[in-house]
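Asker: What follows is a structure written as structure tokens; I'll ask about it next.
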Amino acid sequence: MDIPDYDKALYFTLWGQWDDLLVLMVRTNDDVLSKKIQNFLHAYHYSLDQAKIFECHDNLLYYIDHAMKHLPAVAMEV
């Protein structure tokens, strides 16, 4: 998993670039990130419950933040 995947996920999520987020979901090696993106996109497109959409959106952002904090320093220098 490269740090750019987390940066891209954060950027795409914050700016509403859902097509790019979908492509990232398929290409990333981080299974948890992929699942969080899948859950959010599914809720965004199919859920009528706005609270569910916000919850999935927040879960994705929290995971990205958590993952970026716990990356080894070597991975962040690349």
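The values are calculated or read from the model by the stated rules, or taken from the named source; none is laboratory data. Bear in mind the structure is a predicted one, so any value in this text is a computation, not a measurement. So basically every Cβ, Gly included, is an ideal-geometry build from the backbone, and we count neighbours across all protein chains shown.
Asker: Any chance the range 19-29 includes a residue that's out of contact with any Asp or Glu (no Cβ under 7 Å at 6 or more places or on another chain), outside any helix (DSSP H, G or I), at pLDDT below 95 and surrounded by fewer than 17 Cβ atoms within 10 Å (Cβ to Cβ)?
Answerer: yes
Asker: How about the range 1-18: which of its residues are surrounded by 12 or more Cβ atoms within 10 Å (Cβ to Cβ), closer than 17 Å to H42 by Cα and not small (G, A, S)?
Answerer: Listed by number, the residues that qualify are F12, T13, Q17, W18.
Asker: For the range 1-22, enumerate the residues that are free of Cβ contacts under 8 Å to residues at least 12 places away in the same chain and over 11 Å from the mean Cα position of the chain (by Cα).
Answerer: P4, W15, G16, Q17, D19
Asker: Looking only at the range 30-55, filter to residues that are basic (K, R) and surrounded by 15 or more Cβ atoms within 10 Å (Cβ to Cβ); which one of those is farthest from the chain's Cα centre (by Cα)?
Answerer: Restricting to residues being basic (K, R) and surrounded by 15 or more Cβ atoms within 10 Å (Cβ to Cβ), the top hit is K52.
Asker: Name every residue in the range 30-55 that is acidic (D, E) and either in contact (Cβ under 8 Å) with a residue 12 or more places away in the chain or assigned to a helix (DSSP H, G or I) (or both), in order of residue number. Even if it seems obvious, please write down each step before you answer.
Answerer: In the first step, residues of the range 30-55 are kept if they are acidic (D, E); the result is 30-31, 49, 55.
Of everything in the range 30-55, those that are acidic (D, E) and either in contact (Cβ under 8 Å) with a residue 12 or more places away in the chain or assigned to a helix (DSSP H, G or I) (or both) turn out to be D30, D31, E55.
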